[in-house]
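The values are calculated or read from the model by the stated rules, or taken from the named source; none is laboratory data. On a predicted model such as this, the values are computed, not experimentally measured, just so you know. Heads up, the Cβs are rebuilt from the backbone with ideal geometry, glycines too, and the neighbour counts pull from every protein chain shown. Note: areas computed on protein heavy atoms with side chains; ligands, DNA, RNA excluded. Shrake-Rupley method; radii C 1.70, N 1.55, O 1.52, S 1.80 Å.
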Amino acid sequence: GPVMRGEAPIAFDRASAREKTRTISIAALAFTGISAFLQAAPFAYVANEKSGDISVIDITTDSVVATFPAGKRPRGMTASRDGKQLYVSDQPANALQIIDIASRKITGKVDLGESPEGVYRSPDGKLLSVAVEEDNSVHFINTATGKRDFQVKTEGENPEHAVFSRDGKWVYVSAEESEVVDVIDVASRKVHTTIKVGKRPRGIGFTPDGKFAYIACELANRVYAIDVASHKVVAVIPAGVRSNGIRVHPDSKTVFVSNGADGTVSAIDVASNKITKTIKVGDRPWNMAISANGAKLYVANGRSNTVSVIDTAKLEKVTDIKVGDTPWGVYIPD
């Protein structure tokens, strides 16, 4: 009798405690799972120049899940290697905005020269390159300090993109008001050579194997294939009218070029350096991004205020996603 009466509450309390612990553990696991999901969820970030914000696309559903401010005129964009920060060039502010990805808020900025545009991260994550148009230079930002380490004057005028080679040794710079690509030697912090290309070079992409770079020349309506080892042009590929954006598939077999006046994207076969298919997208397609698995290409359509999604296996447009005003480009963290 009395022993049982004394034990029953104790047994009940233990059971309660176990149940509470179990509930807390499940809640903690659920929270951890949600946090992990939010951190790992595959997002594409779209810089909208005129609306001064960034649209966030969930690339599993191809829908916009958030929009947040990013200065007055965001353009080029990259992320820190750990995926915690976005770096976005803000043209009127002459600055690089630093955005915390988790909170989606601006947490700092780096002052640059007049009219910064393309932003790229070195393979080791230690440096950012920013093409600064009116400065005719590329600024190199130390990601550890958040400050500019050095800058290199370009021979070409009005640089737009400054892209690291796959080994991080070189930065190829396209200068809009020229017919050359500057090749910066990162270690020596100076221009190593220039490569003659067509009029108004714009987008640049390196094949993942590091062997070739592809440059879109807008007024030439051509794409130039460059052998990285020799910095020599090895092929000139006729493209659409006002070819500008470049994105290379992760398998190194296909290069995509956006043709601004045609409202199309063309697929170039790397083996033959010939266009295999051209896909209709929105108006004024510009800079692009590709999902990590290479399955989908995302194309910013500057005059349609949309992002077109292309199935890279079928080479067909899947959908158009409404974004902000005048999307400049798309960035997907790797």
If the requirement is being part of a strand (DSSP E or B), open to solvent by 30 Å² or more (accessible area, probe 1.4 Å) and under 23 Å from Ile332 (Cα atoms), which of these qualifies: Arg202, Arg247? Arg247
Considering only residues that are under 15 Å from Arg242 (Cα atoms) and either open to solvent by 10 Å² or more (accessible area, probe 1.4 Å) or basic (Lys, Arg) (or both), which ones fall in the range 283-300? Asp283, Arg284, Trp286, Asn287
For the range 160-178, the count of residues that are more than 22 Å from Gly125 (Cα to Cα) and either within 21 Å of the chain's Cα centre (by Cα) or at pLDDT 95 or above (or both) equals 2
If you go through Val228, Val241, Val163, the only one that is under 26 Å from Thr276 (Cβ atoms), of a type in the set (Val, Ile, Thr) and open to solvent by 20 Å² or more (accessible area, probe 1.4 Å) is Val241
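Matching residues to (1) under 19 Å from Glu49 (Cα atoms); (2) crowded, with 20+ Cβ neighbours inside 10 Å:
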{"position": "Ala93", "(1), (2)": "yes, no"}
{"position": "Ile106", "(1), (2)": "yes, no"}
{"position": "Lys109", "(1), (2)": "yes, no"}
{"position": "Gly113", "(1), (2)": "yes, no"}
{"position": "Gly118", "(1), (2)": "yes, yes"}
{"position": "Lys126", "(1), (2)": "no, no"}
{"position": "Ser129", "(1), (2)": "no, yes"}
Identify, please: which residue in the range 301-322 is of a type in the set (A, V, I, L, M, F, W, C) and open to solvent by 20 Å² or more (accessible area, probe 1.4 Å) and is, among those, farthest from Arg247 (Cα to Cα)? Val318
So which residues in the range 250-278 are of a type in the set (A, V, I, L, M) and crowded, with 21+ Cβ neighbours inside 10 Å? Val255, Val257, Val265, Ile268
Pairs returned, first residue in the range 209-220 that is crowded, with 19+ Cβ neighbours inside 10 Å, second residue that is assigned to a loop (DSSP other than H, G, I, E, B) and hydroxyl-bearing (Ser, Thr, Tyr), beta-carbon separation under 9 angstrom, 6 or more apart or interchain, are Phe212/Ser252; Ala213/Ser165; Ala213/Thr207; Tyr214/Thr207
When the residues of the range 131-160 are filtered to those that are more than 23 Å from Gly329 (Cα to Cα) and of a type in the set (S, T, N, Q), which remaining residue is least open to solvent (accessible area, probe 1.4 Å)? Thr154
Of all residues in the range 176-191, which are crowded, with 18+ Cβ neighbours inside 10 Å and under 26 Å from Ser252 (Cβ atoms)? Val180, Val181, Asp182, Val183, Ile184, Val186
From the list Val130, Val56, Val138, exactly one residue is among the aliphatic types (A, V, I, L, M) and either under 22 Å from Ser308 (Cβ atoms) or at pLDDT below 95 (or both). Which is it? Val56
Within the range 60-78, considering residues that are touching a residue at least 60 places away in the same chain (Cβ under 8 Å) and surrounded by fewer than 22 Cβ atoms within 10 Å (Cβ to Cβ), the one nearest to Thr319 (Cα to Cα): Asp62
Being among the basic types (Lys, Arg) and over 15 Å from Ile321 (Cα atoms) is the filter; apply it to the range 269-283 and report the residue that is nearest to the chain's Cα centre (by Cα). Lys277
Return the pairs, sorted by first residue and then second, in which the second residue is open to solvent by 50 Å² or more (accessible area, probe 1.4 Å) and among the basic types (Lys, Arg), the first residue lies in the range 120-136 and is on the phi > 0 side of the Ramachandran plot, the beta carbons are less than 6 Å apart, and the residues are 6+ apart or on different chains. Gly125/Arg81
